[in-house]
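Enquirer: Starting off with a structure, shown below.
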């Protein structure tokens, strides 16, 4: 998408009822886009809709097989943001069950796979943009979060694979993975991570937060997602990091 604005563009955000997803919805709505907010929890969507009267909502599990078809029928996106997913466990590997270890594969990776493959098969209109919100854990690891880091790395691979397919098939769809580089304690996911690591290290959560440097906010990531959607990334890299220093090409 080469336009400098999202005005009148169709923007679909998965995982829209909290954290980064909610902030992206707010920014897209403020830019006068047609926005569909998708999440499992109806209550969070209703609260967001009260704040943003023009917002469309759809309560559905984005990792279900029928989700891509139902979402695209509700609003065919010019920009699709795949955000959210399962809250990872916060325990060392030997204390986890297999279902706990694979929770983020069955949620985050599964919905990324379903929506990206559907977008390629449909296909979406040339110029459409798909952004997978990943995590810096996929680069550096996260030893008490089970398969979370691997799942987030797989989202980066998936964006790269899909971009190659879009190019090979001449579809004109752009895929990007957006990678927040630090934990965001103000989000629900960040709070769980902070509390888990503080408990693991036997320190207070406040002490863990004080030791964190250069942490971007959910708002910073939302701003980055809008910038990526509009094509404002140096080098047009598929994998884009976001930190307090701004955007960086990681691919």
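The values are calculated or read from the model by the stated rules, or taken from the named source; none is laboratory data. Everything numeric here is computed off the predicted structure, so don't read it as measured data. Here the Cβ positions follow ideal geometry from the backbone for every residue, glycine too, while neighbour counts run over all protein chains shown.
Enquirer: Would you check if there is a residue in segment 51-60 being at pLDDT 95 or above and crowded, with 22+ Cβ neighbours inside 10 Å? Walk me through how you get there before you give the answer.
Expert: Step one: list which residues in segment 51-60 are at pLDDT 95 or above, which gives 51-60.
Then keep just the ones that are crowded, with 22+ Cβ neighbours inside 10 Å; that gives none.
No, the conditions are met nowhere in segment 51-60.
Enquirer: Which of the residues that make up segment 11-43 are over 17 Å from the mean Cα position of the chain (by Cα) and surrounded by fewer than 22 Cβ atoms within 10 Å (Cβ to Cβ)? Give the derivation first.
Expert: Pass one, segment 11-43, residues over 17 Å from the mean Cα position of the chain (by Cα): 29-34, 42-43.
Residues satisfying the conditions are 29, 30, 31, 32, 34, 42, 43.
Enquirer: Among the residues of segment 161-189, how many are farther than 30 Å from residue 121 by Cα and in contact (Cβ under 8 Å) with a residue 40 or more places away in the chain? Don't jump to the end; show me each part of the working.
Expert: Step one: filter segment 161-189 for residues farther than 30 Å from residue 121 by Cα, giving 181-189.
With in contact (Cβ under 8 Å) with a residue 40 or more places away in the chain added as a condition, the list becomes 181-182, 184, 187-189.
Qualifying residue count for the region: 6.
Enquirer: In addition: Of all residues in segment 197-237, count the ones that are in contact with a strand residue (DSSP E or B) (Cβ under 6 Å, 6 or more places away or on another chain), under 25 Å from residue 167 (Cα atoms) and part of a loop (DSSP other than H, G, I, E, B).
Expert: 2
Enquirer: How about segment 164-202: which of its residues are closer than 18 Å to residue 114 by Cβ, more than 17 Å from the chain's Cα centre (by Cα) and crowded, with 18+ Cβ neighbours inside 10 Å?
Expert: If the condition is that a residue be closer than 18 Å to residue 114 by Cβ, more than 17 Å from the chain's Cα centre (by Cα) and crowded, with 18+ Cβ neighbours inside 10 Å, then 166, 171, 173 are the ones that fit.
Enquirer: Under 6 Å by Cβ, and 6 or more places apart or on different chains, what pairs join a residue from segment 80-94 that is free of Cβ contacts under 8 Å to residues at least 40 places away in the same chain with one that is surrounded by 16 or more Cβ atoms within 10 Å (Cβ to Cβ) and not in a strand (DSSP E or B)?
Expert: Qualifying pairs under 6 Å: 86/103; 86/104; 86/107.
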